[in-house]
Amino acid sequence: MMIRFDPALKLLFAAALILLAPAPSWANGKLAGDWKLDVSRSEGGRMNFSGIDLSVTVDGDKFMVKQLVHRDSGDETFEYAYVTDGEPHTVAGPGENSREVTARWRKGRLEATYLAPNAENVTVKETWKIKRGVLELRYVAPNPIGGTFLIKRTYVRE
């Protein structure tokens, strides 16, 4: 006896597999590693630091970042991890701050969305993408007085 599956069910199953799949193999090779902020190619937001170093690790559906921020008052280290399954997860932030982050791989980039700290109902879309051999990290959010607020950080390999 042969079991036949409805074509719509097959499509739904394939979509579920794609959504639950770990990071694409290119992510580990291209995004993983050590990166240094190129201030001259970055724009938007306050630049209240002299530099930022990133160490990125990709392990299955975990995207882990160690961030070293250089300031005149001293260096600060932040570590966080996104689970890239398209579901909301609590991610620890600086100090006692944490936020619900939904992250997923989409069209050759990592996208994460979360509510902006210290703002009511403002959703930030964070995008990690390799563009012409550099890492481009963008933060986009609606501007309360109209338009869009954009911060672009460009990193080069160390």
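Of note:
- Here Asn121 fulfils each of the conditions (1) outside any strand (DSSP E or B); (2) without any contact (Cβ under 8 Å) to a residue 24 or more places away in the chain; (3) within 25 Å of Gly51 (Cα to Cα) apart from (3).
- Only one entry of Phe5, Phe13, Phe49 meets the criterion of being at pLDDT below 50 and part of a loop (DSSP other than H, G, I, E, B), and that entry is Phe5.
- Residues (at pLDDT 90 or above and of a type in the set (Gly, Ala, Ser)) located in segment 65-102: Ser73, Gly74, Ala81, Gly86
- Scanning segment 95-105 finds no residues that are surrounded by fewer than 15 Cβ atoms within 10 Å (Cβ to Cβ), in contact (Cβ under 8 Å) with a residue 60 or more places away in the chain, touching a strand residue (DSSP E or B) at 6+ places or on another chain (Cβ under 9 Å) and basic (Lys, Arg).
- Neighbours by Cβ (under 6 Å, 6+ apart or cross-chain): first from segment 134-149, touching a residue at least 24 places away in the same chain (Cβ under 8 Å); second among the aliphatic types (A, V, I, L, M) and outside any strand (DSSP E or B): Ala141/Ala116; Ala141/Val122
- Options Gly74, Gly86; residue that is in a loop (DSSP other than H, G, I, E, B), surrounded by 14 or more Cβ atoms within 10 Å (Cβ to Cβ) and over 10 Å from the mean Cα position of the chain (by Cα): Gly86
The values are calculated or read from the model by the stated rules, or taken from the named source; none is laboratory data. From a predicted model like this one, the values you see are computed outputs, not experimental measurements. We place every Cβ from the backbone using ideal geometry, glycine too, and count neighbours over all the protein chains shown.
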